[in-house]
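Beneath this line is the structure, given in structure tokens, with notes to follow.
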Amino acid sequence: QVQPVESGGGWVQPGGSLRLSCAHSGRTFGTLILAWFRQAPGKEREFVACFRGGNTQYARSVQGRFSLSKDNAKNTMYLQMNNLKPEDTADYYCAVASNLRQPELVDAGRYNYWGQGTQVTVSS
């Protein structure tokens, strides 16, 4: 069972920080892809960041503010979100895939397993 489970969402004021966690089984064939997507009300799900093996990729909108890390012993990935803005408000989802090519990393349709999502609200 690869089903990821997210935690760590909540409410924060603009400029604040949150850390999201994604626990997963870690079992897959080939190169493991661990990603964060987000979906704001009325908008499409969009790519935030991912690990592709040991490498990371970030959306331009979060680069320099968000950072990924992982604890392989715990099969857990973290998304540290700093300097949060109201436009970061969304449901954040952890997604798992394997063997994606670089251009496919940002395509939500390429991911096989999704968590239930965790809500992040940034407002004053």
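Details
- For residue 117, nonlocal amide neighbours, meaning residues 5 or more places apart or on other chains whose placed amide H falls under 5 Å from its own, are 6, 94.
- Kirkwood hydrodynamic radius over Cα pairs of the chain, then Stokes diffusion coefficient at 25 °C and 0.890 mPa s, in µm²/s: 172 µm²/s
- The chymotrypsin sites (Phe, Trp or Tyr not before Pro) of region 10-57 that DSSP puts in a loop, and whose beta carbon has at most 10 other beta carbons within 10 Å, are 29.
- Qualifying lysines (Cα of each under 28 Å from Cα of residue 85; at least 8 residues distant if same chain): 43, 70
- Potential extension, residue 121-residue 85 segment - 0.36 nm per residue separation minus Cα distance: 12.0 nm
- Mean separation of Cα pairs under 8 Å and 6 or more residues apart, divided by the residue count, gives region 50-124 a relative contact order of 27 percent.
- Rg and Dmax of region 32-73, Cα atoms only, in Å: 11.4, 37
- Amide N of region 81-124 lying under 18 Å from the label point, which is placed 7 angstrom from the Cα of residue 75 along Cα→Cβ: 94-99, 112-117
Since every read-out is calculated from the coordinates, none of them should be taken as a lab result. Every value quoted in this text rests on a predicted model; they were computed, and no experiment measured them. Using ideal geometry, Cβ is built from the backbone for each residue, glycine included, and neighbour counts are taken over all protein chains shown.
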